[in-house]
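Working notes, structure below.
The values are calculated or read from the model by the stated rules, or taken from the named source; none is laboratory data. Everything numeric in this text was worked out from a predicted model, so none of it was measured. Ideal geometry is used to build each Cβ from the backbone, glycine not excepted, and the neighbour counts take in all protein chains shown. Areas reflect the complete protein model, heavy atoms only, side chains present, ligands, DNA and RNA absent. Shrake-Rupley method; radii C 1.70, N 1.55, O 1.52, S 1.80 Å.
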Amino acid sequence: MLKENKNNPKTDDRTEDTELLKLIDAGDRNAFSTLYLKYQPRFLKYCTRVLKNDVALAADIVDEAMIEIWKSAGNFAGKSLPSTWMYSIMRFRLIGYLRKNKEILLEDDTAAINMEDTALRPDEELELSQTNSSLVKQLGQLSDKHREVLELVYFKELSVKEVALTLDISEGTVKTRMFYARKHLKEILTQKGNL
């Protein structure tokens, strides 16, 4: 059975997940059930949001990802956190679906590829909150056109097509504005020492 670290349960997640993956590789169905119950709700929440509240489709994609985790548990090499490795499997399943159905929001797939684990520790949430506050302040330095496009895509979660319709501009113009807005924002953050 898995050992628990009662002193620091958060830091013990890595050890627990690694042990679960080893047991799953050996065919332990109970270990898979434990891992499934731990990560399926997180994966489902994220996929549902990305798929604009299509819970049934999100559940299918998550189940496919969990089956892939079951089959490839022995491939986990320990070079990253187990949760990161599992999230990458889920992300690539989601990206595969989006590409196949031409629903990628960004031309270069950056948003989809950089989807992050939404289950953060309290210290990570604080750091993210501070980073987000800084980022919002820096958005004020962008031109109105660039800021508007980023806000619609990243904060309102509209697709490129929806932004184009909302602003009455072409999809190509939306993508161009996003490219230059991200580039300018990166320059601002680099100068401020935030990157």
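Key figures for this structure:
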item	result
Efficiency of FRET between ASP28 and LYS52 - r from beta-carbon atoms, R0 41 angstrom, step 0.05	0.70
Entries in LYS22/LYS45; LYS22/LYS175; LYS45/LYS175 that, when Cα-Cα distance is taken, lie over 32 Å	LYS22/LYS175
Simple label model, 7 Å out from Cα along Cβ direction - ILE169 to GLU64, nm	3.4
Å² of accessible area per residue within the stretch 17-100, as computed with a 1.4 Å probe and no ligands counted	53
Neighbour-limited loop hits for trypsin sites (Lys or Arg not before Pro), the stretch 61-105 (at most 12 other Cβ within 10 Å; DSSP other than H, G, I, E, B)	LYS79, LYS102
